[in-house]
Amino acid sequence: MWRLVWLSMGVLACSSTPAPAPAVAPPPPSVAAAAAEVAPDLSPVGLPAHSLATLRVGPLRALSANVGQHLGLGEVLSEALVEALPSMTGDDEAVARAIDLDAPVDALVTLPRRRAYVTMAFGTGLYGRTRAALSDGHHLEAFGGPSFAAQRIARTVASIDRSPMVLAAAPQPAGGARLVVHERPIDDVEAFQPTVGYLTRTLAMQPFSAQGGDIQAELHLEHFRAAYLNDLTQFRDNAVREAGAVTDPNNPAFTESWQGWIRDFTSTLPAILTELTRVNGAVRLPEARVQLEANATLHAPTAPLVRQFLEASQGQAVPTELLERLPAGGYLYGASALSLAPFRALLNLGPALVSRALVTRTRLSADDSTALRTSLTALFAQERVATAVTLGADEQGRPWSVSLFQITTPPAQFVANVRAVIAAMRRPGVVRAARAEQQFDPMTWQVAPGAGLPPGALLVRVPTNQNLFSLERWLETATQSTPNRATASQPAPGTTPRTTPGTTPGTTPRAPAQGAAGGRNAATVEVMLVPDGQRLWWVMGADARARYRLASAAHPAPVTLGAPGDAVRGVVAVMPAAVAEFNRSNGRMFRLLNDAVTRAGEGGRAPSILRLAIAENGEDREFRWSFDVPSQAIAVFAQSFQQR
């Protein structure tokens, strides 16, 4: 009303017959408050404290239709979305109906008190119209200050303090609104107001562009650093201190070398967090595939391990020629190449680390200790390695792997070096220590005679119950800090040497008898090394010879990668069978997935490709991961679950 009065006065003042303006009293406070309410403050709001990440999702109706098309499910997903909306709004169908499925969705992940919370903002109709519609059957209460233009929503007055929902005015589109839904009741209105403001006033002003992906995510590094940088620094200091307690009774220099490497490794984590300038990701849905992307940018990286990796991977193309030689039937395939010169310090530490994992507490004789470390050192004496590997499982579920290497050492010499390691581990003192400490026995390893093997090949059968191939066990044993103690190899003065079954102090240990644990009747895994010109086959499985024959015979490439690109440094191909294999422990789920793969025909052999690319941009180093999943691979399981 007062605006009309002043406007009328202005018109009269500009007329040809001016009249004196009447005296007008100032508006009463109630009228001024009403005027402020109809003109809300929709200016941008800064990123709230403790913000961890932002997620932006394209219009839900189009997204669900697109995903349904990729999965071969038609309108099933769109219908499921409509049915699921009430569960996202506290089973409130009226609020669910207010959501505009043709508007994008924004979400903010916050990390107060070290716990992550997700808050989502859905588009609705016009603010005034939506508020009026919800006021019928709901209690609406002002949220924030008078100019904030937001209403907290609950079904009853009594439940308003437990409500996680706020309807707030938004500047885009004009007169529009956003329905903000927190994952838990809002217990502190003042603290939560910046989150509502950022989602409805700041992100709402940024148009959603599908060019950036159908789903887009970005990490807010400044808040991530504030939350975790001190923890990573403390972790580094504690790890270095604990590494100083890891000793090797057979190698006095081990502790210093191990502590130095741990310092480099743990310093890498806070350095990466400090030097990261951007981390973002996206999900794209182009025709006939789904693409997941992740990008990280480091500015002038200084962390030792990062610099070493960048130097090692520079100019190293993916060895597709090795991958094409691998046999079909695997569920994972991978290929990469690295220069090993930048990792020389780690490679020098490798023999000592493996030796200590084998013999943690026993003080070996000088001859035994030297023989073991010398033989291991020869294996690590490489300047470059290119490799392709595949993992699979046979019909009985027994795992197998086939790898093809190009290394610095001539393949025939490398096989000879492995024979030397086996001989060193069968020395009496080493055998007694391995039996006592690690519960495995090198004397049970069966080295097959050369007859019937490819020229220069080595075949070793190792009992599976010795857990020799557990990476977790090796790392735990190699790095645990335990006091040195004398055992059978070097007994303490005045004590009786400790012995194990089948041994007598000072004699060569015997292999366990037939049927004993680890004896000849125990289940075994075969490890086979075969020189192939300048390349080396490494085959593991229940029948390595049969697996090698399949690999070495002429056959088409097991997977098609396309052109990797000059910046790509590594590729991994994931077959649909991998999804079933990773669920093998769940018998019913494994059978369901495995049957789906078997029935899918060509779709069951469609690989999903993971690529790592590294690019230089001035002082920045950009790491880009992409994972391309063909729609036919997804449809293998989607249709199976739909039928279920």
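At a glance:
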quantity: Long-range neighbours under 8 Å by Cβ, at least six apart or interchain, first residue more than 16 Å from His182 (Cβ to Cβ) within segment 152-163, second surrounded by 16 or more Cβ atoms within 10 Å (Cβ to Cβ); calculated: Arg155/Asp92; Arg155/His138; Arg155/His139; Thr156/His139; Val157/His139
quantity: Segment 582-626: number of residues that are open to solvent by 60 Å² or more (accessible area, probe 1.4 Å), among the polar types (S, T, N, Q) and either touching a His at 6+ places or on another chain (Cβ under 7 Å) or more than 20 Å from Glu395 (Cα to Cα) (or both); calculated: 1
quantity: Test: residue in segment 555-563 that is surrounded by fewer than 18 Cβ atoms within 10 Å (Cβ to Cβ) and more than 30 Å from Gly72 (Cβ to Cβ); calculated: yes
quantity: Checklist (1) buried (at least 17 other Cβ atoms within 10 Å of the Cβ); (2) farther than 17 Å from Leu610 by Cα; (3) touching a residue at least 40 places away in the same chain (Cβ under 8 Å) applied to Gln308, failing item; calculated: (3)
quantity: Residues satisfying the stated conditions in segment 319-359, i.e. crowded, with 20+ Cβ neighbours inside 10 Å and either among the small types (Gly, Ala, Ser) or on the phi > 0 side of the Ramachandran plot (or both); calculated: Gly330, Gly334, Ala335, Ser336, Ala337, Ala352, Ser355
quantity: Sole exception among (1) modelled with pLDDT of 95 or more; (2) within 13 Å of His182 (Cβ to Cβ); (3) not acidic (Asp, Glu) for Pro112, by number; calculated: (1)
quantity: Out of Ala174, Ala150, Ala121, Ala116, sole residue that is surrounded by 21 or more Cβ atoms within 10 Å (Cβ to Cβ), over 18 Å from Asp92 (Cα atoms) and not β-branched (Val, Ile, Thr); calculated: Ala150
quantity: Selection count, segment 441-457, where residues are crowded, with 18+ Cβ neighbours inside 10 Å and closer than 27 Å to Ser365 by Cβ; calculated: 5
quantity: Of all residues in segment 360-372 being part of a loop (DSSP other than H, G, I, E, B) and open to solvent by less than 70 Å² (accessible area, probe 1.4 Å), the one that is farthest from Val246 (Cα to Cα); calculated: Ser365
quantity: Some residue of segment 267-283 being among the β-branched types (Val, Ile, Thr), more than 21 Å from Val306 (Cβ to Cβ) and in contact (Cβ under 8 Å) with a residue 60 or more places away in the chain; calculated: yes
quantity: Set Val571, Val579, Val629: member being assigned to a helix (DSSP H, G or I), of a type in the set (A, V, I, L, M, F, W, C) and surrounded by 18 or more Cβ atoms within 10 Å (Cβ to Cβ); calculated: Val579
quantity: Among the residues listed as Arg432, Arg461, the single one being modelled with pLDDT of 50 or more and open to solvent by less than 50 Å² (accessible area, probe 1.4 Å); calculated: Arg432
quantity: Near pairs, Cβ below 9 angstrom, 6+ apart or cross-chain, from segment 53-78 (closer than 21 Å to Ala288 by Cβ and open to solvent by less than 50 Å² (accessible area, probe 1.4 Å)) to any residue that is basic (Lys, Arg) and modelled with pLDDT of 85 or more; calculated: His70/Arg289; Ser78/Arg61
quantity: Answer residue from segment 243-277, given it is in a helix (DSSP H, G or I) and within 23 Å of Val109 (Cβ to Cβ) and is most open to solvent (accessible area, probe 1.4 Å) among those; calculated: Thr274
quantity: Qualifying positions in segment 373-393 - assigned to a helix (DSSP H, G or I) and either open to solvent by 30 Å² or more (accessible area, probe 1.4 Å) or modelled with pLDDT under 95 (or both); calculated: Arg373, Thr374, Thr377, Ala378, Leu379
quantity: Selection within segment 84-100 - over 23 Å from Ile634 (Cα atoms) and either open to solvent by 20 Å² or more (accessible area, probe 1.4 Å) or among the basic types (Lys, Arg) (or both); calculated: Pro86, Ser87, Met88, Gly90, Asp91, Glu93, Ala94, Arg97, Ala98, Asp100
quantity: Given (1) over 30 Å from Ala227 (Cβ atoms); (2) within 30 Å of the chain's Cα centre (by Cα), number of the condition Val95 does not satisfy; calculated: (2)
quantity: Subset of segment 177-192 [assigned to a loop (DSSP other than H, G, I, E, B), open to solvent by 30 Å² or more (accessible area, probe 1.4 Å) and either in contact with a Pro (Cβ under 9 Å, 6 or more places away or on another chain) or touching a residue at least 60 places away in the same chain (Cβ under 8 Å) (or both)]; calculated: Glu183, Arg184, Pro185
quantity: Residues that are among the β-branched types (Val, Ile, Thr) and within 27 Å of Gly46 (Cα to Cα), drawn from segment 89-119; calculated: Thr89, Ile99, Val105, Val109, Thr110, Val118, Thr119
quantity: Test: residue in segment 414-424 that is open to solvent by 70 Å² or more (accessible area, probe 1.4 Å), under 27 Å from Thr444 (Cβ atoms), without any contact (Cβ under 8 Å) to a residue 40 or more places away in the chain and in a helix (DSSP H, G or I); calculated: yes
quantity: Among (1) within 30 Å of Gly176 (Cβ to Cβ); (2) open to solvent by less than 30 Å² (accessible area, probe 1.4 Å) - the single one Gln216 does not satisfy; calculated: (2)
quantity: Among (1) touching a helix residue (DSSP H, G or I) at 6+ places or on another chain (Cβ under 6 Å); (2) touching a residue at least 60 places away in the same chain (Cβ under 8 Å) - the single one Gln259 does not satisfy; calculated: (2)
quantity: Members of segment 298-322 found to be touching a strand residue (DSSP E or B) at 6+ places or on another chain (Cβ under 9 Å) and of a type in the set (A, V, I, L, M, F, W, C), listed by number; calculated: Leu298, Ala300, Val306, Phe309, Leu310, Ala312, Ala317, Val318, Leu322
quantity: Extreme residue, nearest to Val539 (Cα to Cα), among residues of segment 298-341 that are β-branched (Val, Ile, Thr) and in a loop (DSSP other than H, G, I, E, B); calculated: Val318
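This table checks each residue for (1) in contact with a Gly (Cβ under 8 Å, 6 or more places away or on another chain); (2) open to solvent by 60 Å² or more (accessible area, probe 1.4 Å); (3) assigned to a loop (DSSP other than H, G, I, E, B).
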{"residue": "Gln234", "(1), (2), (3)": "no, yes, no"}
{"residue": "Arg241", "(1), (2), (3)": "no, yes, no"}
{"residue": "Val279", "(1), (2), (3)": "no, no, no"}
{"residue": "Ala294", "(1), (2), (3)": "yes, no, no"}
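The values are calculated or read from the model by the stated rules, or taken from the named source; none is laboratory data. These numbers come from a predicted model, not from an experiment. For neighbour counting, all protein chains shown are included, and Cβ atoms are generated from backbone atoms with ideal geometry for every residue, glycine included. Note: areas computed on protein heavy atoms with side chains; ligands, DNA, RNA excluded. Shrake-Rupley method; radii C 1.70, N 1.55, O 1.52, S 1.80 Å.
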